[in-house]
1. Separation between the LYS319 and LYS102 pseudo-spin-labels, each 7 Å from Cα along Cα→Cβ, expressed in nm?
2. Relative contact order of the stretch 215-335, please, whole-number percent, based on alpha carbon pairs below 8 angstrom and at least 6 residues apart.
3. Students often get this wrong, so check it: of LYS236/LYS308; LYS229/LYS319; LYS356/LYS464; LYS25/LYS487; LYS91/LYS403; LYS283/LYS319, which have C-alpha atoms separated by over 19 Å?
4. Could you check the spin-label model distance between GLN155 and ASP373? Points 7 Å from the Cα along Cα→Cβ, value in nm.
5. So, in Å, what gap is there between the alpha-carbon centers of the stretch 354-387 and the stretch 42-104?
6. Tell me, in nm to one decimal, what length is gained between HIS238 and ASP301 on full extension, where the rule is 0.36 nm per residue of separation less the Cα-Cα distance?
7. Can you check what the Kirkwood hydrodynamic radius comes to for the chain, Cα pairs only, in Å to one decimal?
8. Tell me, which longest segment in the chain has none of the chymotrypsin sites (Phe, Trp or Tyr not before Pro) that fall in DSSP loops with at most 13 further Cβ atoms within 10 Å?
Amino acid sequence: MSILKLGTLEPRDYQKNIAKTASEKNTLVVIPTGMGKTLISLLVAAERLEKYPESKIMILSPTRPLSAQHKKTFENFTIIPEDEIVLLTGKIRPEDRIELYKKAKIIIATPQTIENDLENNRIDLSNFSFIVFDEAHRAVKEYAYSYIAKKFRIQSKNPLILGLTASPGATREKVQEICDNLFIKAVEVRSESDSDVKKYIQPIEYENIYVELPEQFKKIKILLEEVLKDDLYWLKEHNYTFTYKPTKKMLLDAQKKVTASYMSGSKNYSVFWAIMRIASAIKLLHALELLETQDAKFLYDFLKKIEKSKKRTDTRLVKDPRMREAIKLSEELSASNIEHPKLQKIVEVIKDLLNKKSNAKIIVFANYRATVDKIKTILDEHGINSEILIGQAIKEGRGLTQKEQLEVLRKFRESEFPILICSSVGEEGLDIPAIDYAIFYEAVPSEIRHIQRRGRVGRQTVGKVIFLITKNTRDEQYYYAALKKEKKMKRMLYKMKEKGIKRKGNLLDWL
């Protein structure tokens, strides 16, 4: 007997096609945000419980708001009693979780909770016939997904795994690692151009709005770039990097290698200076990013921290007269209240959008919490009603609890305010339907984040994505980098779908 409520669910063609594959083998599903990945997992879960009626199902997602959405889906579309659909997090006492594991048919949880309970023998996965790993691109390195998948393969009598993501990454190595860690045997990928998808997708319009960096900003930019160039050239000449213009990720990778070399005993003069120069280069890149894409005050606050620091790397950096001049100019710029041109531009853009459609729903993405607050402040000053959606508090910083996040989303869905300003917490999977416009306050180099942000619009109606880009800065570089990575990722995934997965690792793990 099917667990699905009759007449409540009308799966789309591509959902049924993907679910058929996912019911037969461990599958990684890659489809754009908003195309119903959750319903695919529901279809497969129904098939597994029909085949193994005494078994249990587990749905894993990285945050409580995402988990709450899965719980709601199973409550709305299945005949399973609500008290057998349980949402578990670390806030529930361990002894209570043990009892819930016994009673529940559908367990929806955050991965850290399940990992902890597996390690302490509070849960056994032998009677689970299906596990869903939502936001499966996280299944890399030491993230809990990898551990849980391995335990499931070992303990379950009838294991089946489904990974869900809008973007697993642009490199073959990253996708291969996800497939290895989740024991994936098939890839199902869809895009807006696929035949079984086209009729369900609303068109999305794209617009790039460019701003010029003011002259005062450019003077600081030149000084910071000159200091940075010295470090980058030294690192390249001493073979610590393979290019004179490494990305931040390249520098972070080099930093790990050099630090490991130093800790293992290689404490020679060159290694010591490499550590110093990599550290300062990373800070200078961050300073330039703040200058080019954020606001003068954020840059000044960051440079003052370096100036006051007692760390050897920072004191060396501040001794450079060009750095001292940059700090002086950033202080003057901050005091003069000359803001980044994006701040005024975003007000203009939002006013224009609301004039065109008074009941429009608009989501704004920004990389930094301070920027989220700044945008909120400037919209308030212009009488534009908005709310913020940020993650939980970090150390001494401000944040929203998961309960507060869900309440903000509820109010936005019910049109209590038109503008939602998000940090990265708004990118992953949250149920924010019927968005008319998404505004990228700055570009992101990650194709994963680019796809997730873009997927907020065009779910039910025609949508528009707007990018605010500062000319001749990292904004432009990041924008084109994300597009290039996305194209590369799609080519690779369709090839994997067609030709299958070349499995690596321990062969016994795949049997």
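No lab work stands behind these numbers, since they all come straight from the coordinates. Computed from a predicted structure; not experimentally measured. Cβ placement follows ideal geometry from the backbone for every residue including glycine, while neighbour counts extend to all protein chains displayed.
1. 6.8
2. Details: 108 pairs, mean separation 40.6, N = 121.
RCO, the stretch 215-335: 34 percent.
3. Numbers: LYS236/LYS308 29 Å; LYS229/LYS319 16 Å; LYS356/LYS464 13 Å; LYS25/LYS487 27 Å; LYS91/LYS403 12 Å; LYS283/LYS319 15 Å.
Listed pairs above 19 Å: LYS236/LYS308; LYS25/LYS487.
4. Placing both labels 7 Å beyond Cα along the Cβ direction yields 4.2 nm.
5. Cα centres, the stretch 354-387 to the stretch 42-104: 36 Å.
6. Working: separation 63, 0.36 × 63 = 22.68 nm, distance 3.25 nm.
19.4 nm is the gain from fully extending HIS238 to ASP301.
7. In the chain this quantity evaluates to 25.0 Å.
8. Working: sites that count: PHE242, TYR244.
By the stated rule (loop sites, at most 13 other Cβ atoms within 10 Å), 245-511.
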